[in-house]
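Quick notes on the structure that follows.
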Amino acid sequence: MEQGRAGWKAALAVCAMCALPLGTAARAQDAAATPDAGRLTVMGEGSVSVVPDMAILTLGVQTEDSAATAAFDAASATMEKILAALRDSGIEAGDLQTSGLSLSPVYGERYEDAPRAPTMYRASSDLNVRVRDLDRLGAVIDAAAKAGGNSFGGLRFALSDPDEAENAARRAAVQDAQDKAALFADAAGQTIGGVIEMDETQTGGGPMPMMEASVMRSMPAAEGTLDVQAGVRIVFALSPQP
């Protein structure tokens, strides 16, 4: 009986020894056939240049008076004249938007320990104006200045409908990311697979000094072109080249 048990144990040991290299080889073959996929993260940027078709002006009025109410009322009355002049110049009501309204004290010199008291009050009212006919830009500024506008907060050019340009920049950003990914992968001996993740990324002054009305009317402005930019982050799957 003991001799029989010993024979069975010997047979099992032999079988285990025979099976071990076969199982190890099979696992190694499976690992080579289905490697863990790598990842490659790249950032893409795109830009298109377009000619603007709209200007956005920030202009307004500042008044000062020894009485706060008088300063505020004067600024309000002048702004009413500016709004009327702009509407008469062909600016639609929807293209006029108040961007700022303030009333603040103006202090004089402080002498020793005497408490400071305001010597007057300054009121200001600012307006954003969208000018859709760029040929009339100078006339619009002229109309505001003649109506009493004495502050100019800035001028920028824009697109009335930026969707087409923005989408073109996005396509360029994706193409840029794909080109970079192909370059990096080839240099590393890898093959680009599908997209794992993709996210859009963000790319990308103070007011101008007050000018006399005559300066505002004569200041030249060239619209030039606008650079519309877009960015993208893409994660690609990687696999070794065959």
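Observations on the structure shown:
- Rounded FRET efficiency, nearest 0.05, which uses the C-beta distance separating R171 from A77 and R0 of 35 Å: 0.10
- Net charge over other residues, Cβ less than 14 angstrom from the Cβ of T98 (K, R count +1; D, E count -1): -2
- Value of relative contact order over the stretch 82-180, rounded to a whole percent, pairs C-alpha under 8 Å and six or more apart: 29
- Solvent exposure, largest accessible area first (probe 1.4 Å, DNA, RNA and ligands not counted), of L155, L127: L155, L127
- For L183, the accessible surface of its heavy atoms amounts to roughly 110 Å² (probe 1.4 Å, protein chains only, rounded to the nearest 10).
- Across the stretch 161-169, rounded Karplus estimates of 3J(HN,Hα) from the backbone phi angles (6.51 cos²θ - 1.76 cosθ + 1.60, θ = phi - 60°) give 9, x, 4, 4, 5, 5, 5, 5, 5 Hz, Gly and Pro being marked x.
- Backbone amide hydrogens, once placed in the peptide plane, bring T191 within less than 5 Å of S239, Q241, excluding anything fewer than 5 places away on its chain.
The values are calculated or read from the model by the stated rules, or taken from the named source; none is laboratory data. Worth saying up front: this structure is predicted, and the values here are computed from it rather than measured. Cβ: placed from backbone, ideal geometry, glycine included. Neighbour counts: every protein chain shown. Remember, those area values only see protein heavy atoms, side chains included, never the ligands or the DNA or RNA. Shrake-Rupley method; radii C 1.70, N 1.55, O 1.52, S 1.80 Å.
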